[in-house]
Amino acid sequence: MMKNDKDVRVDEHSKNRDLDPQRENPTAGTYLTTDQGIRVESTDNSLKVGARGPTLLEDFHFREKLTRFDHERIPERVVHARGSGAHGYFQVYESLADLTKAKFLQDPSVKTPVFVRFSTVAGSRGSADTVRDVRGFATKFYTEEGNFDLVGNNIPVFFIQDGIKFPDVIHAVKPDPDSEMPQASSAHDTFWDFISLMPESMHMIMWHLSDRAIPRSFRMMEGFGVHTFRLVNAEGKSRFVKFHWKPLLGVHSLVWDEALKIAGKDPDFHRRDLWKAIETGAYPEYELGLQIVEEDQADDFAFDLLDSTKIIPEELVPVRRVGKLTLNRNPDNFFAETEQIAFCIQNVVPGIDFTDDPLLHARLFSYLDTQLTRLGGPNFVQIPINRPVARVDNNQQDGFHQHRIPRGRVNYSPNSLGGGCPMAAGAAGFVHYPAQLNAPKVRLRSESFGDHYSQATLFWESMSMPEKEHIVKAAVFELGKVATKAIRERMIEHFGRVDADFARMVAAGLGMHAHAGLGTTVKNAAHAVAQKLSAKRSVEKSPALSQENTPKPGIRTRRIAILAENGVSEAELSAVRAALAAEGAETHVISTTLGTVKTAEGGQVEVDFSSIHVGSILYDAVYVPGGTASVEAMKKMGDPIHFLNESYRHHKPIGATGEGVELIAASQIKGVTVAGAQAAGKLFSEKGVVTVRGASDLKPFITAFIEAITQHRHWDRPEYPAVPA
Ligand code: HDD
C-alpha cells in the first residue's frame, strides 16, 4: 500500500529508529571495533610489558576507551536537570484555521510527531523525582513547517515577572553555594529569604505549597504554557492565547509524608511510572486547551495579560480543548534523546507568535544561549532528537560538530553564483506580528503588574478544605526548616495579605504569634492597584483551580497492593484481582518473601514483591483477602500492619474481604466500621475503607472498592493523625 504524505512525515522523524534493521539487536553478528572501525583483539586486558608489567601508551584501544569514558558527561541543565522523556504524536480535533495559520493545527488527520520531557526544576540530574517542586512539561512538535517548542510547567504562573530576576530565584532555590546543601529542596533559608523579599512570587508560592508540587504521576498533572502568546490566522488577525495541557487521567497528587518516603524508596518513581505506562500500552494522553482573548478585550481584566504571575481564570475565559497529545514510545537511549533534546522557547512556527511579556523575552534569549554550552556549539540542532522534519537550508555552516557536508562555494546571501539560493520566503515565511510600539526606553516595571496578592488569595479561596490544610502544612514544613526568624516573620506578613486565617494557621504551626490585625490592617500599594482594577473582569473563586474538581475517570493504571501469606483465600484474591485488572489497574501480590504463597484451596499464587522491597507508599490502594492462616500470620507481623496504618494515614483506599477484615481490626485504624463483629454478607464502605465478611457474592464489594479507588484519596478521616505512619 502506498503511504500518504502524512505517514511519511511521521516516519521521517522516526527514521533512525524504525528503518534501522539492526534496531532490535543492534550489535548482533558484529565485531567490536574502535571508533575508527578497526577490529579489537580483546577488551579485557590492556597492552603491557609482560603479563605483570606496566601498561603501554601505545595501546590505542585502551586510550580511546578511557578517553571516551572520561568525556561521557555533558553539563547538566542549569535548571530542570532531572527529567524523563517520551515520544508521541499530536492530533488536532478540528481545523483551527479561524485562529491560526499553523499548518499542524489545520488537519485532524495529521499526526505531528512530538517529544515531551517532564522535569523537576531545582534538583540535579540524579535527584529524586518526588520532591516539592514545579514540574517542567516541555513539548517539541516536529511540524512540517519547522519545530514548535511549547516549554511549559505544571503550574500556570511563575515566581517572577521579569526574566532578569531568573538567575536570582534559581540561585536562591539551588543548594547553598558554600555547602552545596540542600539538594532538590526549597525548604531552606536562601529560598525563603528571596521569596520574602519578592512579593510578586506570592501567587506562585501558593501553588508551590499546594499538592500541585507533588504530583502522583507525570501522567496525572496539567501543563501550562504560562505566558500569553499570540495566534495569528492567514488574514493576519492576531488573538491572545494561553496554552493548557489537560491530562485524561485527571489531576492527582501524593501526600507530603509519602513523597518524602518515596524519595528514599524509589527516587525514580515518576520516571518508572512513565516508562512502565508506555511499555504496557497505557499511553499517557493530554488534551491541548486554548484560552483565547480577542485583542480588543485584553484590557478588560483586573490583571495584565503580559504578567506571568497571573492566570486567566477558566470561569472568565473557558479552556477550549482542541486536540490530543499521546505519548506512545519510550526513548531508545536516554542520553541521545532525553538528555540531548534542546528546547528553545523561540522555536515557533508561522501562526504562533510572542507577546511583550518581559519574562518571555528573557527566555527568548536564554534557551539558545544555554544549549550552546550544554551541547557544545551551534550545531546542536543536527543531533537527531533536535532535527526538524522540515527541510533545513541556510548558509550557517561551520562550528563544532558539523554533521552535514555542505556543498559548493556559496555560503552567503545575496548571491548570484548559487542562483540566489537558498531564497528568503517573504510573506510565505515566518513574519513577526507587526505589533505597534511607541514608548520611551526605561528600566521599569509596569504599574499594571503591581498587584501581587489578589490571585494568591483567589487560589487560596478556590481550594477545598483538605487542599488548604495541605498548603498550611507545607508552609509549616518549609518555613520550619528556615533558621532565620526574620524570614519566617516576613513570610507570615505576606501570608496575612493573602489570607489572615492562612497566616494564623501557619504561624501557629511554627509556634509564632501572628499579630491581631493581620490581613485587615495590612494594606499596601499592591492592594491599591487591585482596587483600582476591581471594576474589571475578575472572579472571587475559581473552582477549576481545585484538583478536587478535576475529572476522576476510573482506576486505569492505578497500583493496588494485595497482602497475602500462606493460606490466603484464592477465591477472593483471584476474583478481586481479576475485577481490578479488568478496569485497567495493576495489582501486585506482596508477601514476606518472593516465590509463591500456598492458598487455602491448595493452590499457589506467585508473589510479585517481598515486603522489604516495596511499601504502601508505592501503591494507590491496598486489598487484604481472607484466609485464616494468611491473616493470622500477618496479624503477628509489623509490615502488613504498618502497610494498612500508613495507607490509612495517607488517605488511600483500603479493601478487605473475609478474615482480611480482622487485619484492619488489628491495625490502628479506628472509627470505621470494620470490627470483627461485622455481620456476614454486609458491606461497609466508609471513608475509603471497604469491607465485607462471609459474602457469597463479592460483586458489591468490588464495585464499592473500585469506586473508592476512583476517588484516589479520602480526606474525610478526621482521626488519621493518630494513626502511625
Ligand atoms: Fe526555563 C529550562 C520552563 C522561565 C531559562 N525551562 C526549562 C525547562 C522547562 C522550563 C520545562 C526544561 C526543558 C527541558 O526539558 O529540557 N522556564 C520554564 C517556564 C518558565 C521558565 C514554564 C516561565 C514561564 N526559564 C525561564 C526564564 C529563564 C529560563 C525566565 C531565563 C531567563 N529554562 C531556562 C534555561 C533552561 C530552562 C536556562 C535550562 C536548560 C535549558 O533551558 O535547556 O535556558
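What distance in nm separates the simple spin-label points at K485 and N45, each placed 7 Å from Cα in the Cβ direction?
7.1 nm
Just name one of W715, V589, V576: the one whose Cα is farthest towards the positive end of the charge dipole of the range 559-722 (beta-carbon charges, Lys/Arg +1, Asp/Glu -1).
Checked the options; the winner is W715.
What is the log10 of I(q)/I(0) for the chain, computed with the Debye formula using one identical point scatterer on each Cα and no solvent, at q = 0.05, 0.11 Å⁻¹?
For the requested q values the scattering log ratios are -0.30, -1.27.
Based on the Cα gyration tensor of the range 444-489, what are the three equivalent ellipsoid semi-axes, each the root of five times an eigenvalue, rounded to whole Å and given largest first?
25, 20, 6
Below 12 angstrom from the Cβ of V121, what's the summed charge of the other residues (Lys, Arg +1; Asp, Glu -1)?
Spelling it out: positives minus negatives among the neighbours equals +4.
For the range 614-656, list residues with backbone N below 13 Å from a point placed 7 Å from the Cα of T280 toward its Cβ?
The answer is 619-621.
Could you please state how large a percent of the accessible area of the chain is carbon and sulfur, counting protein chains only and using a 1.4 Å probe?
Roughly 55 percent, rounded to a whole number.
Given the convex hull of the Cα atoms of the range 412-457, what is a quarter of its surface area in nm²?
Reported value for the Cα convex hull: 7.3 nm².
Distance in nm between label sites at E64 and N25, each 7 Å beyond Cα in the beta-carbon direction?
Result for the modelled spin labels: 2.5 nm.
In µm²/s, what is D for the range 48-386 at 10 °C and 1.306 mPa s, where D = kT/(6 pi eta Rh) by Stokes-Einstein and Rh is the Kirkwood radius from Cα pairs?
Calculated translational D: 74 µm²/s.
Express the relative contact order of the range 559-722 as a whole percentage, based on alpha carbon pairs under 8 Å and six or more residues apart in sequence.
Here the relative contact order equals 21 percent.
Only Lys, Arg, Asp and Glu count, each charged at its Cβ (+1, +1, -1, -1), so figure out the dipole size of the range 574-632 about its Cα centre, rounded to 20 debye.
Dipole of the range 574-632, to the nearest 20 debye: 120 debye.
Please work out how much length the chain gains when fully extended from H71 to H432, using 0.36 nm per residue of separation minus the C-alpha to C-alpha distance, in nm with one decimal.
Going from the current span to full extension adds 125.9 nm.
Per 10 Å bin, what is the whole-percent P(r) computed from every C-alpha pair distance within the range 559-722?
Bin by bin from 0 Å, the calculated values are 12, 46, 37, 5, 0.
Tabulate in residue order the Karplus-calculated ³J(HN,Hα) for the range 508-514, using 6.51 cos²θ - 1.76 cosθ + 1.60 with θ = phi - 60°, rounded to whole Hz; enter x for Gly and Pro.
Values per residue, Gly and Pro as x: 4, x, 9, x, 10, 9, 8 Hz.
Under a plain spin-label model, where a point goes 7 Å from the Cα along Cα-to-Cβ, how far apart in nm are Q346 and A97?
Spacing of the two 7 Å Cα→Cβ label points: 3.3 nm.
Using θ = phi - 60° and the Karplus curve 6.51 cos²θ - 1.76 cosθ + 1.60, what whole-Hz ³J(HN,Hα) does each residue of the range 446-459 get, with Gly and Pro shown as x?
Per-residue couplings from phi come out as 5, 4, 5, 9, x, 8, 9, 10, 4, 7, 5, 5, 4, 4 Hz.
If the chain between D356 and S124 were fully stretched, how many nm would it gain, using 0.36 nm times the residue separation less the Cα-Cα distance?
80.4 nm
On alpha carbon coordinates alone, what is the Rg over Rh value for the range 226-289, Rh being the Kirkwood radius?
Ratio value, two decimals: 1.19.
Before I look further, what does the chain give for accessible area per residue, probe 1.4 Å, in whole square angstrom?
46 Å²
Considering Cα pairs under 8 angstrom that are at least six residues apart, work out the relative contact order of the chain and quote it in whole percent.
Rounded, it is 11 percent for the chain.
Using R₀ = 41 Å, calculate the FRET efficiency as 1/(1 + (r/R₀)^6) where r is the Cβ-Cβ separation of E180 and N395; round to 0.05. Provide the component values of the computation, followed by the final result.
Details: r = 44 Å, r/R0 = 1.08.
With a Förster radius of 41 Å, E is 0.40.
Starting from the Cα-Cα distance between K552 and A439, subtract it from 0.36 nm times their residue separation and give me the gain in nm to one decimal.
So the chain would gain 35.8 nm between K552 and A439.
Where the centre of each part is set by its Cα atoms, how far does the range 646-725 sit from the range 361-439, in angstrom?
Cα centres, the range 646-725 to the range 361-439: 61 Å.
The values are calculated or read from the model by the stated rules, or taken from the named source; none is laboratory data. Predicted model only: the values in this text are computed from it and were never measured. Cβ atoms come from the backbone with ideal geometry, glycine included; neighbour counts cover every protein chain shown. These accessible areas exclude ligands, DNA and RNA; they are computed on the full protein's heavy atoms, side chains included. Shrake-Rupley method; radii C 1.70, N 1.55, O 1.52, S 1.80 Å.
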